[in-house]
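Enquirer: The structure under discussion is supplied below as structure tokens; questions concerning it will follow.
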Amino acid sequence: MNISPDEIILFQIGSIAITANIFFTWMVMLFLVLVSALITRKISISSKISMWQNFLETLISYIQEQIRDITDQKSDPYLPFIGSLFIFVSVSNFLSFVPGYHPPTGSLYTTSALAICVFFAVPVYGIQKLGLSEYLRNYIKPSVIMLPFNIISEISRTLALSVRLFGNVMSGTMIIGILLSVAPFFLPAVMNILELLIGQIQAYIIAVLSTVYIASGTRSKKITQEES
Amino acid sequence: MQIDWITLVAQIINFLILLFLLKHFLFDKIVSAMRKRQERIDNKLQDAESTREEAEQKLQEYQQMKSELEKQKNDMLKNAEQEANKRKEDLLDDARNKIDQLSEKWKSEIEKEKEEFFKTFRHKVGSEIYQTSKTVLKDLADKKIESAITDKFIDKINNLSDSERDKIQEHLNDSDALLIRTTYELEKRSDLEQVLKKQFGKDLQLDFNVTDDFIGGIELVANGYKVIWSIEEFTQHLLEKFNDYIEKNE
């Protein structure tokens, strides 16, 4: 029994094996981009808007609100990154009710890739906001002794982020797999519903945690003092 | 566990591509649409606010105009009332004046009538008394009333006071003609002439005249100054009493 989408090879392009992980990532991407393009093609700025546009606007305003609440800053620069992260994880997990679908978030490679993106996003946003020297000075605060601990915390939280998401999604798949062998009829369906809920919670958690990490990187003492 | 670096890198690239595509197709468009809508709403609100302010200003203007009109109306009403009152007063004054005039006229007419009446009455009474006296005198003393009057007058001339005589003399100096007026034909003319000449000098010019201006009497006129004896003097007294009586009973 395969529980990791990386172990399923769907087809081969030359010497590169296209695993279910890669394939379904593309599918989710394609789905997201197509839906976005279709909805935003007839975008309206009047008070009469389509149901789908309304849905997207509600979703995005909610994400903006969350970013503002966590960072105490304007949401605009962070919205594409955090929004993409949330929407990708959310949709990846949500589509798990489709038969034959393997959520890419169940692969440690995907979650690691997302965590690495967050890992690099923190300094990118930090330097953009504070400048290089001010950002680097954050690592030796409150004293130089803290430098190795700061670096360790930076790496460990990236690791934790990737493993948390992977573990939660994979565990869901695994639980269903085990339950199928124990009680094959109704329980897996119930667990599937629970899995949908957990998937959304995980999407929310990874997005919020990323925001918190980025916010901590873009905040210096000076700014906090100015803001307060 | 062997790490499949290709998958890891591929997933990173996949996410970055997705990030770019979603930014382009989703976030930018939705956010700009939301922003534009917000701006439009803000503009509309601003428009509404300015329209409201304008309306309020207009309202204030109209209220001011209304109050001004009200004031004007009140002023006009007040003026009209004042004018009406004035006119009323004028009319009342006019009416009062007219009434006063009328009553004045009426009073004077009454006075005139009264006078006329008394004149007539006096004449009538005088002539009645004269006639009665004439008859009484004739029956009792077999004497003519005319000669009695002449005697009385001669007596009066004889007994003139000095001041009276002086006054007559004074008037005579201006024109020496002395007029004797009687209501009857004078029989004892020579006696009277004698007495007068004795009082006022022998060169005295005398004119005699019969008149019915008064009743039963004789009159001496010296250039406007008069000495008279007449029944009318008695009737005058009677009339005064009568008049008093009427006024008391009015």
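Enquirer: Determine whether A:Ser75 is more than 16 Å from the chain's Cα centre (by Cα) and within 11 Å of chain B (Cβ to nearest Cβ).
Expert: In short, yes.
Enquirer: Looking only at segment A:134-148, which residues are loosely packed, with under 11 Cβ neighbours inside 10 Å and either part of a helix (DSSP H, G or I) or touching a residue at least 12 places away in the same chain (Cβ under 8 Å) (or both)?
Expert: A:Val144, A:Ile145, A:Pro148
Enquirer: Among the candidates B:Asp75, B:Asp28, single out the residue that is assigned to a helix (DSSP H, G or I), surrounded by 10 or more Cβ atoms within 10 Å (Cβ to Cβ), out of contact with any Leu (no Cβ under 7 Å at 6 or more places or on another chain) and within 14 Å of chain A (Cβ to nearest Cβ).
Expert: That would be B:Asp28, the only listed residue that is assigned to a helix (DSSP H, G or I), surrounded by 10 or more Cβ atoms within 10 Å (Cβ to Cβ), out of contact with any Leu (no Cβ under 7 Å at 6 or more places or on another chain) and within 14 Å of chain A (Cβ to nearest Cβ).
Enquirer: In segment A:29-43, which residue that is at the interface with another protein chain (Cβ under 7 Å from one of its Cβ atoms) and either at pLDDT 90 or above or in contact with a strand residue (DSSP E or B) (Cβ under 7 Å, 6 or more places away or on another chain) (or both) is farthest from B:Arg35 (Cα to Cα)?
Expert: Per the stated criteria, the residue is A:Met29.
Enquirer: For segment B:203-226, what are the residues that are in a strand (DSSP E or B) and surrounded by fewer than 19 Cβ atoms within 10 Å (Cβ to Cβ)?
Expert: B:Gln205, B:Leu206, B:Asp207, B:Phe208, B:Asn209, B:Val210, B:Val221, B:Tyr225, B:Lys226 - these are the residues of segment B:203-226 that are in a strand (DSSP E or B) and surrounded by fewer than 19 Cβ atoms within 10 Å (Cβ to Cβ).
Enquirer: Of the residues that make up segment A:50-71, is at least one closer than 16 Å to A:Asn21 by Cα and of a type outside the set (A, V, I, L, M)?
Expert: No, segment A:50-71 contains no residue that is closer than 16 Å to A:Asn21 by Cα and of a type outside the set (A, V, I, L, M).
Enquirer: What's the number of the only condition in (1) more than 20 Å from A:Phe86 (Cβ to Cβ); (2) modelled with pLDDT under 80; (3) surrounded by fewer than 17 Cβ atoms within 10 Å (Cβ to Cβ); (4) not charged (D, E, K, R) that A:Gly167 fails to meet?
Expert: Looking at each condition in turn, A:Gly167 falls short on (1).
Enquirer: Inspect all residues belonging to segment B:48-56 and state whether any of them is of a type in the set (Val, Ile, Thr), away from chain A (no Cβ under 14 Å) and assigned to a helix (DSSP H, G or I).
Expert: Yes, there is a match, as at least one residue in segment B:48-56 is of a type in the set (Val, Ile, Thr), away from chain A (no Cβ under 14 Å) and assigned to a helix (DSSP H, G or I).
Enquirer: Only residues that are in a strand (DSSP E or B), surrounded by 14 or more Cβ atoms within 10 Å (Cβ to Cβ) and out of contact with any helix residue (DSSP H, G or I) (no Cβ under 9 Å at 6 or more places or on another chain): list them for segment B:160-202, please.
Expert: Once the filter is applied, which keeps residues that are in a strand (DSSP E or B), surrounded by 14 or more Cβ atoms within 10 Å (Cβ to Cβ) and out of contact with any helix residue (DSSP H, G or I) (no Cβ under 9 Å at 6 or more places or on another chain), segment B:160-202 yields B:Leu179, B:Arg181.
Enquirer: Quick check on this structure: which one of A:Ser46, A:Ser90, A:Ser107 is over 23 Å from A:Tyr213 (Cβ atoms), out of contact with any His (no Cβ under 6 Å at 6 or more places or on another chain) and either away from every other protein chain (no Cβ under 11 Å) or not aromatic (Phe, Trp, Tyr) (or both)?
Expert: Residue meeting the stated conditions: A:Ser46.
One line per residue, one yes/no per condition, for (1) more than 26 Å from B:Gln236 (Cβ to Cβ); (2) of a type in the set (A, V, I, L, M); (3) touching a strand residue (DSSP E or B) at 6+ places or on another chain (Cβ under 7 Å):
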{"residue": "B:Ser127", "(1), (2), (3)": "no, no, no"}
{"residue": "B:Gln131", "(1), (2), (3)": "no, no, no"}
{"residue": "B:Lys138", "(1), (2), (3)": "no, no, no"}
{"residue": "B:Asp142", "(1), (2), (3)": "yes, no, no"}
{"residue": "B:Gln169", "(1), (2), (3)": "yes, no, no"}
{"residue": "B:Lys197", "(1), (2), (3)": "yes, no, no"}
{"residue": "B:Asp203", "(1), (2), (3)": "yes, no, no"}
{"residue": "B:Phe208", "(1), (2), (3)": "no, no, yes"}
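Enquirer: Would you check if there is a residue in segment B:5-13 being within 14 Å of another protein chain (Cβ to nearest Cβ), outside any helix (DSSP H, G or I), out of contact with any helix residue (DSSP H, G or I) (no Cβ under 8 Å at 6 or more places or on another chain) and on the phi < 0 side of the Ramachandran plot?
Expert: no
The values are calculated or read from the model by the stated rules, or taken from the named source; none is laboratory data. Note that the structure is a prediction, hence the values are computed from the model and not measured. Using ideal geometry, Cβ is built from the backbone for each residue, glycine included, and neighbour counts are taken over all protein chains shown.
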